[in-house]
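What follows is a single structure, written as C-alpha cells, with notes after it.
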Amino acid sequence: MSKFRTVEISDPRFEANNLRHITIKSKNLKHRGDISVFVPPGEDHKNLPIVLLLHGVYGSHWIWSQKTGIHLKMKSWIENKQVSPMILVMPSDGLWGDGSGYLPHNHSDFEQWIAEDVIDATIELIPKASKTSLLFITGLSMGGFGALRIGTKYGYKFSGVSGLSSITRLNEMKKFIEEDLSLLKQDIIENESVFETIMKHKKHLPRFRFDCGTSDSLLEGNRKLHHQLEEQGISHIYREYPGGHEWPYWEEHIKDTIHFFDDIINPKNS
C-alpha cells in the first residue's frame, strides 16, 4: 500500500532517455508535487545510490534535465565507467512564489517534502532504489541553500552533500524573489543560515562540499561560509571556478559534485 493518497507515474512506453515522471499528493506540501527521475539502464542494477538534485528560483522538477541535460550526461558517464550508476531524483521545490527556499512555511513544509516525501516516493516507486540505497543531495543557488541545510540537518540520512553557487543566508533570497522576504522568515536562526545549521548539527555531519563562480553575485557569501567553517575546524571542500550565476557554469560543474559522490561510494584505496 502506498504511503501517498494519490500517485501518478509515467508509462514506460512513452518515456524517453531514461527519464520517469512522478506526481504524488504530499502530506507536507498539502497538495501535489512533481518529481523527475533518471533511472540508469541495466537490469542488474539494484539498491542504487540516490542523488537528489534541487533546482533554484523560478525552476521546477524538469529544469535540471532540460537546462543541463544531466540525464544524458549521467548515462554517458556511467556507460564510459567514469562514475557508478546512480539514480538522479529531481523534485520541484513545492512551487511557492518564485521559490520556497525548501523551508518550513506556515501551511506547507517544503523541507520535509524533500527530506521525507521525495525520498519515500523514490524508494516506493523506483524498483532500483531501496531503503538501503545510499542518499546524496545537491542543488544550485536556492537549491544549494536547500541541499546544504537539509543535507547537514539530516546528516544521519545522507552520505554526501554538495552545493553549487549556493545561497548561504536566507536574506540573499532578496536578490531573486518578488515576494516579501518576511513570508519566508523562520522562527529559529538555523533555518536562515547554512553556517548555523552546520554548527547545530556539527557532531553528525556527512561529507560535504560547495563551489561558486568567481563572477557570481553570491561569491562573497560562499567565501564567508568557507572561512567560518575553517575557523571552526569543520572539514569541508570549497572550490572556486571561472563563471557566473548561470546555466553554463552549473552544466559544467555538476560533474565535480557527481565525482565527489562517486568517491564516497567507491573510496580510493590509500
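Averaged over residues, the count of other Cβ atoms within 10 Å places the peptides 222-234, 163-175, 144-156, 15-27 in the sequence 144-156, 163-175, 15-27, 222-234, highest first.
With the alpha-carbon atoms of region 176-270 aligned to their principal axes, the span from lowest to highest coordinate is 49, 36, 23 Å, starting with the largest.
Summing Cβ point charges (Lys, Arg +1; Asp, Glu -1) relative to the Cα centre of region 100-189 gives a dipole of roughly 420 debye. Between residue 131 and residue 1, full extension at 0.36 nm per residue minus the direct alpha carbon distance yields a gain of 45.2 nm. The modelled label-to-label distance between residue 246 and residue 223, using points 7 Å beyond Cα along the C-beta direction, is 2.0 nm. Across the chain, the convex hull enclosing all Cα atoms gives 133 Å³ per residue.
Give me the Debye-computed log₁₀ of I(q)/I(0) at q = 0.14, 0.16, 0.23 Å⁻¹ for region 5-67, equal point scatterers on Cα only, no solvent, two decimals. Computed log10 I(q)/I(0) values: -0.50, -0.65, -1.18. Note on residue 79 and residue 234: the extension gain reaches 52.2 nm, defined as 0.36 nm multiplied by sequence separation minus the Cα-Cα distance. Taking a span of 24 Å or more along the helix axis (Cα atoms) and a mean Kyte-Doolittle hydropathy of at least 1.0 as the rule, no DSSP H helix of the chain qualifies.
Working from label points 7 Å from Cα in the Cα-to-Cβ sense, the residue 44 to residue 16 distance is 3.0 nm.
Here region 19-107 is described by how far its Cα atoms reach on the three principal axes: 45, 25, 18 Å, from widest to narrowest.
Only the Cβ atoms of Lys and Arg (+1) and of Asp and Glu (-1) were treated as charged; on that basis the dipole of region 1-155 about its Cα centre amounts to roughly 120 debye. Could you give me D for region 135-227, from Stokes-Einstein at 4 °C and 1.567 mPa s, where the hydrodynamic radius is the Kirkwood radius over C-alpha pairs? Units µm² s⁻¹, please. Taking Rh from Cα pairs, D becomes 98 µm²/s.
Projecting the Cα atoms of 12, 37, 58 onto the charge dipole of region 11-75, computed from C-beta unit charges around the Cα centre, puts 58 farthest toward the positive end.
The residue among 127, 144, 159 whose Cα reaches farthest toward the positive pole of the charge dipole of region 107-230, with charges on the beta-carbon of Lys, Arg, Asp and Glu, is 159. When the alpha-carbon atoms of region 32-172 are used, the pair Rg, Dmax equals 14.4, 46 angstrom. When the charge dipole of region 152-270 is built from unit charges on Cβ atoms (+1 for Lys and Arg, -1 for Asp and Glu) and taken about the Cα centre, the candidate among 188, 249, 218 whose Cα reaches farthest toward its positive end is 188.
Put a plus charge on the Cβ of each Lys and Arg, a minus charge on the Cβ of each Asp and Glu, and nothing anywhere else: the dipole of the chain about its Cα centre is then about 700 debye.
Across region 90-192, the fraction of Cα-Cα pairs farther apart than 25 Å, rounded to a whole number, is 18%.
Taken together, the values in this text are just the output of simple stated rules run on the coordinates, not laboratory data. The model shown is predicted, which means the values in this text are computed figures rather than measured ones. All Cβ positions, glycine included, derive from the backbone under ideal geometry; neighbour counts span all protein chains shown.
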